[in-house]
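The values are calculated or read from the model by the stated rules, or taken from the named source; none is laboratory data. Computed from a predicted model, the values in this text were never measured in an experiment. No Cβ is skipped: glycine too gets one built from the backbone with ideal geometry, and neighbour counts run over all protein chains shown. Areas reflect the complete protein model, heavy atoms only, side chains present, ligands, DNA and RNA absent. Shrake-Rupley method; radii C 1.70, N 1.55, O 1.52, S 1.80 Å.
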Amino acid sequence: VQLQASGGGLVQSGGSLTLSCAASTRSSGINVMGWWRQAPGKQRELVAAHTRGINTDYADSVKGRFTISVDTAKNTATLQMNKLKPEDTAVYYCNAYDARIARDFWGKGTLVTVSS
């Protein structure tokens, strides 16, 4: 499975960006899709993830500002990021988990830079 992510860029504090991710398969085996991020010098952290038919989780730091939308039929995930802050600056990675084979898949990452 390949994940193609797009939408990163440079935005001013308070602005918005939308990240998009599409998996190369429409397999129903993918039951989790989400976004992670890694800031310089920090560990990769979960931003938002949707588990098919169950729930959506958000990092506390983005609740109320970010919204993830997942099309489980097409295996696509969109992250709408509003009210961006400089601390949101990071490389954002799309992630998909196939429960049938217990395997994670990662996109290449897209850089989001929020200037103050």
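Tabulated results
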| quantity | calculated |
| --- | --- |
| FRET efficiency, T25 to S115 (Cβ-Cβ, R0 41 Å, nearest 0.05) | 0.65 |
| Separation in nanometres of the label points that stand 7 Å from Cα toward Cβ, at Q43 and A102 | 2.2 nm |
| Relative contact order (percent, whole number), the chain, Cα cutoff 8 Å, 6+ residue spacing | 37 percent |
| Centre separation in Å (Cα based) which lies between the range 78-115 and the range 1-77 | 5 Å |
| Heavy atoms of E87 accessible to a 1.4 Å probe, total area in Å² rounded to 10 | 120 Å² |
| Length released on extending from D60 to T72, taking residue separation times 0.36 nm less the Cα-Cα span | 1.9 nm |
| Rounded to whole Å, sorted largest first: equivalent-ellipsoid semi-axes of the range 10-72, Cα gyration tensor | 23, 13, 13 |
| I54 accessible area, assembled protein chains, probe 1.4 Å, Å² | 130 Å² |
| Base-10 log of normalised Debye intensity for the chain (one unit scatterer per alpha-carbon) at q = 0.11 Å⁻¹ | -0.32 |
